[in-house]
Amino acid sequence: MPSELGAFLRSRRDRLTPAQAGVTPFPGPRRVPGLRKEELAVLVGLSADHYSRVEQGRQRTLPDDVVDALARALRLDEVEHAHLRDLAAPARRRGGGWEAPQRPDPGLLRLMTALAHVPTLLLGRRGEVLATGPLLTPVLGVDLRPGDSFVRWLFLDPDARARIVNWADFASAAVGSLRYEVGRHPRDRRLQALVDELRAADPDVARWWDDRGVADRTSVVKLVDHPTAGRLEFGIEAVSVPHDPEQRLVVYTVEPDSPTERALWLRLVSTRERYSPT
């Protein structure tokens, strides 16, 4: 049975033609959409039998030089390369599960206070909410509390699809981030259970998961259909700190003097008036 390593390699091999890889196609009828195993083996400098053992799950670890050669041959981007390295790492190099309780990083909380003029969200392991800024609830229309799962809301709450105009773009990137985290933390049972739950509940998640794409929570444009403010446009950026990379501060950035910025300013004034001390 193919391992996660073998399945990922097969998915990347299928998307790359011999012409794109810069290799002369081997003769004979082709039964695969992309590179043959033998063609990739030649590019990497392995025997066909050796590479077959990897894809079939009979060799589940690879040295770094082979990982790097595979990444070059398969034209992997930086995130895919890192994911391949995680999948190919020996068990002694893999981290264990995330079991210790998380508390919001004080520095990131101070940064959230300084960014109160835009929506912010502090996420921890498995997409769990650690803290939210005052504008997140009015923008998304959901009151996310510490301990709630942002990804469960994104995929299981119908209001999320209705509120986020480009939901598919945003959600597919979230699935790619989940796969990237599973590669980094293969022993995290709670993370795997979350993935299984979402795949069973949402066919879109299952389809994107089976595509085996990966992402590292890269910048994504998010369009929100607000019931009173109309169409809002945000650039989603994630910030982490070196001493705790498992916490991500998600910032909804806006263009200066844009309709979105003006709508947020009016909402912020209203929020401050509503909660100001009497």
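The values are calculated or read from the model by the stated rules, or taken from the named source; none is laboratory data. Quick caveat: nothing in here was measured; it's all calculated off a predicted structure. So basically every Cβ, Gly included, is an ideal-geometry build from the backbone, and we count neighbours across all protein chains shown. Only protein heavy atoms, including side chains, enter the accessible area calculation; ligands, DNA and RNA are left aside. Shrake-Rupley method; radii C 1.70, N 1.55, O 1.52, S 1.80 Å.
At a glance:
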quantity	calculated
Boolean, Val118 is within 30 Å of Ser11 (Cβ to Cβ) and of a type in the set (A, V, I, L, M, F, W, C)	no
Residue ID - most open to solvent (accessible area, probe 1.4 Å), chosen from residues in region 13-35 that are closer than 20 Å to Asp210 by Cα and in contact with a Lys or Arg (Cβ under 8 Å, 6 or more places away or on another chain)	Pro33
Selection status of Asp204, acidic (Asp, Glu), modelled with pLDDT of 90 or more, open to solvent by less than 70 Å² (accessible area, probe 1.4 Å) and not in a strand (DSSP E or B)	yes
Boolean, Val118 is in the same structural domain as Glu197 (by the TED database) and either within 14 Å of Ala238 (Cα to Cα) or crowded, with 18+ Cβ neighbours inside 10 Å (or both)	yes
Index of the failed condition, Leu268 passing every other in (1) under 20 Å from Leu123 (Cβ atoms); (2) modelled with pLDDT under 95	(1)
Of residues in region 229-264 being more than 22 Å from Ala174 (Cβ to Cβ) and of a type in the set (A, V, I, L, M), the one least open to solvent (accessible area, probe 1.4 Å)	Leu264
Leading residue by the ranking (surrounded by the most Cβ atoms within 10 Å (Cβ to Cβ)) among those in region 207-218 that are of a type outside the set (Gly, Ala, Ser) and not in a helix (DSSP H, G or I)	Val214
Residue within region 202-211 that is within 23 Å of Asp105 (Cβ to Cβ) and in contact (Cβ under 8 Å) with a residue 40 or more places away in the chain present	no
Qualifying residue in region 110-128 (condition: at pLDDT 95 or above and touching a Pro at 6+ places or on another chain (Cβ under 6 Å))	yes
Residues (touching a Gly at 6+ places or on another chain (Cβ under 8 Å) and open to solvent by less than 30 Å² (accessible area, probe 1.4 Å)) located in region 157-176	Ala174, Val175, Gly176
Check on Leu135, out of contact with any Phe, Trp or Tyr (no Cβ under 7 Å at 6 or more places or on another chain), under 22 Å from Pro245 (Cβ atoms) and of a type in the set (A, V, I, L, M)	no
Candidates Arg145, Arg179, Arg152 - the one that is charged (D, E, K, R), under 13 Å from Val205 (Cβ atoms) and without any contact (Cβ under 8 Å) to a residue 60 or more places away in the chain	Arg152
Within region 1-68, helices (runs of 4 or more DSSP H) holding 2 or more residues that are more than 16 Å from Gly183 (Cα to Cα), assigned by the TED database to the domain that holds His81 and among the hydrophobic types (A, V, I, L, M, F, W, C)	18-21, 37-44, 48-55
In region 186-195, the residues that are touching a residue at least 24 places away in the same chain (Cβ under 8 Å) and open to solvent by 20 Å² or more (accessible area, probe 1.4 Å)	Pro186, Arg187, Arg189, Arg190
Every residue from region 216-265 that is on the phi < 0 side of the Ramachandran plot and among the acidic types (Asp, Glu)	Asp216, Asp225, Glu233, Glu237, Asp244, Glu246, Glu255, Glu261
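This table checks each residue for (1) assigned to a helix (DSSP H, G or I); (2) hydrophobic (A, V, I, L, M, F, W, C); (3) in contact with a Lys or Arg (Cβ under 8 Å, 6 or more places away or on another chain).
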residue	(1), (2), (3)
Leu109	yes, yes, no
Ala116	no, yes, no
Leu130	no, yes, yes
Arg152	yes, no, no
Asp169	yes, no, no
Gly176	yes, no, no
Gly183	yes, no, no
Pro186	no, no, yes
Asp196	yes, no, no
